[in-house]
Amino acid sequence: MAQSTNREEQLEGFESYWSRRADTSYVKFATSYNTATVDIENKSLFLSVNGGDGFFEPGEPLLGKTLACSVGDGLAEFADAPFEQAVQAALAEIAAASLSNGSQAYTETVLRAVSNVAALSHYTRAFPPCFTEVCMQAAKDYFDYLLLLQEEYKKLIAACFAETPYDNEIREFTAASRFYFYCMMENTGLFHSLTYHYTCRRVTKCIGEKKGAFTTDVTESLPADRYKKYLETVEDTQNTGRTQPNNFEKAFDLPVTFTELNIALPALLEQEYELARLDEVLVLEFEQMLRLNLRMKRCKNCGHYFVLKGNYPTDYCDKIPQGENKPCQMIAATDKYSQKLNDCPPLAIYNREYKRLHGKMKAGRISHDQFNIWKELAKVMRDRCTQGKINLEEFQSWLNGYRF
Ligand SMILES: [Zn+2]
């Protein structure tokens with residue numbers, strides 16, 4: 001039990017640290033509560049970022065925005081964020097400025113250093129720290145809290161969702177079973193209480209512009225397919241001549257077709273959690289991941305965790321890595337193809353000639369039929385070459401000697 005007590009003590013320490021600071025209103029760091037909406041149906045997590053007067057915002061502005069991510073993406077980003085290096089740099093920056101402790105310049109240095117660390121993930125940006133006193137110790141406390149959480153969730157992802165050396169044996173374990181086993185081995189648990197509400201709404205969320213794992217500026221609108229169904233229903237009703245309210249609509253003084261609207265667009269149950277701190281949003285997402293029995297892998301291109309969707313086996317994520325313009329899956333497919341060309345010279349030679357002649361055909365210098373006949377013959381020669389029946393030179397000279 002030693003370990004579990006230790007963790008609880010540690011988090012409790014941070015909790016009092018957070019609540020103590022959240023109650024006060026230091027002008028630059030006052031923060032208010034954030035509310036998240038989880039839409040189980042879409043397996044997405046929506047986070048509305050709210051802030052008080054002096055909400056401290058690391059990175060690009062999130063304040064007033066709604067963030068959406070597929071369940072698992074937020075935790076994966078947090079677990080992979082390079083906090084450790086950033087913390088070292090931030091501590092060095094604060095230490096260098098510590099002579100002028102208490103001055104305006106010192107305060108600004110600490111804030112900037114903390115901000116540089118907190119800017120590294122969406123969740124740390126949405127839940128920045130609250131300080132009563134801006135000093136080295138406060139920054140250190142925050143960094144300790146951050147690194148402790150990151151370490152914990154790295155372990156939890158590896159234990160519950162990622163591939164293991166024992167996949168042959170435990171492939172059929174659910175994520176919850178793996179978590180149970182982890183708690184047993186570590187003699188620990190993950191208990192947290194969150195404030196929870198539920199409500200019924202007809203309007204569901206529609207995803208806005210997707211930027212990487214996260215979507216910002218989520219707009220609320222009717223889902224297109226359901227709305228279409230509603231319009232069709234209304235049209236049907238009008239076609240069949242229902243222009244008068246039915247008894248239900250009459251009794252409650254409702255517009256005609258209110259009945260059809262509710263059948264075509266049923267209200268949905270929505271769950272909402274009150275979140276004030278970083279560790280709370282992590283607990284929430286982790287719980288959703290267990291509930292959905294997610295599987296994760298490390299992408300063989302960018303090295304980051306990603307959630308496996310469906311039963312389709314893939315080694316690459318569908319996110320666009322930094323400095324690239326296409327997602328890892330496409331990069332891998334292109335690489336694999338050029339690798340195949342490298343591994344198979346006859347294929348490379350055939351492809352080069354194919355492209356050249358295809359261009360000729362497009363330009364009208366050879367006919368479609370001429371090209372197709374060549375293609376069929378060239379494929380036979382290519383395959384004979386791959387099988388070692390003719391060598392590369394023979395294949396090349398056949399190509400060179402071909403006359404239309
Ligand atoms: Zn990737």
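The values are calculated or read from the model by the stated rules, or taken from the named source; none is laboratory data. Every value quoted in this text rests on a predicted model; they were computed, and no experiment measured them. Cβ atoms come from the backbone with ideal geometry, glycine included; neighbour counts cover every protein chain shown.
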Q: Take the range 289-302 and flag every residue that is in contact with a helix residue (DSSP H, G or I) (Cβ under 7 Å, 6 or more places away or on another chain) and more than 16 Å from the ligand (Cβ to nearest atom).
A: Met289, Leu290, Asn293, Leu294
Q. With Ala89, Ala126 as the choices, which residue is in contact (Cβ under 8 Å) with a residue 60 or more places away in the chain and among the small types (Gly, Ala, Ser)?
A. Ala126
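Yes/no matrix, rows are residues, columns are (1) assigned to a helix (DSSP H, G or I); (2) more than 16 Å from the chain's Cα centre (by Cα); (3) within 15 Å of the ligand (Cβ to nearest atom); (4) more than 16 Å from Leu399 (Cα to Cα):
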{"site": "Lys319", "(1), (2), (3), (4)": "no, no, yes, yes"}
{"site": "Asp335", "(1), (2), (3), (4)": "yes, yes, yes, yes"}
{"site": "Asn342", "(1), (2), (3), (4)": "yes, yes, no, yes"}
{"site": "Trp374", "(1), (2), (3), (4)": "yes, yes, no, no"}
Q) Can we say Tyr305 is within 12 Å of the ligand (Cβ to nearest atom) and surrounded by 12 or more Cβ atoms within 10 Å (Cβ to Cβ)? A) yes
Q: Give me the pairs, please: first residue somewhere in the range 317-344 and touching a residue at least 24 places away in the same chain (Cβ under 8 Å), second residue anywhere and in a helix (DSSP H, G or I), beta-carbon distance under 7 Å, and either six or more positions apart or on two chains.
A: Lys319/Cys328; Cys344/Thr386
Q: For Lys355, indicate whether it is more than 16 Å from the ligand (Cβ to nearest atom) and not in a loop (DSSP other than H, G, I, E, B).
A: yes
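Considering only the range 126-142, state which residues are out of contact with any strand residue (DSSP E or B) (no Cβ under 8 Å at 6 or more places or on another chain) and buried (at least 22 other Cβ atoms within 10 Å of the Cβ).
First, the residues of the range 126-142 that are out of contact with any strand residue (DSSP E or B) (no Cβ under 8 Å at 6 or more places or on another chain): 128-142.
Residues satisfying the conditions are Pro128, Pro129, Cys130, Phe131, Ala139, Tyr142.
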Q. In this structure, is Asn262 more than 18 Å from the chain's Cα centre (by Cα), surrounded by fewer than 19 Cβ atoms within 10 Å (Cβ to Cβ) and either assigned to a helix (DSSP H, G or I) or free of Cβ contacts under 8 Å to residues at least 60 places away in the same chain (or both)?
A. yes
Q | Failed item, numbered, when Gln329 is tested on (1) within 9 Å of the ligand (Cβ to nearest atom); (2) more than 30 Å from Phe78 (Cβ to Cβ) | A | (2)
Q) What tally of residues in the range 289-306 results from selecting those that are over 20 Å from Lys155 (Cβ atoms) and part of a strand (DSSP E or B)? A) 0
Q. Given the structure, is Phe286 touching a residue at least 60 places away in the same chain (Cβ under 8 Å), outside the structural domain of Arg178 (by TED's automatic domain parsing) and near the ligand (Cβ under 8 Å from one of its atoms)?
A. no
Q: Would you point out the residue of the range 97-123, among those that are out of contact with any helix residue (DSSP H, G or I) (no Cβ under 7 Å at 6 or more places or on another chain) and in contact (Cβ under 8 Å) with a residue 12 or more places away in the chain, that is surrounded by the fewest Cβ atoms within 10 Å (Cβ to Cβ)?
A: Asn101
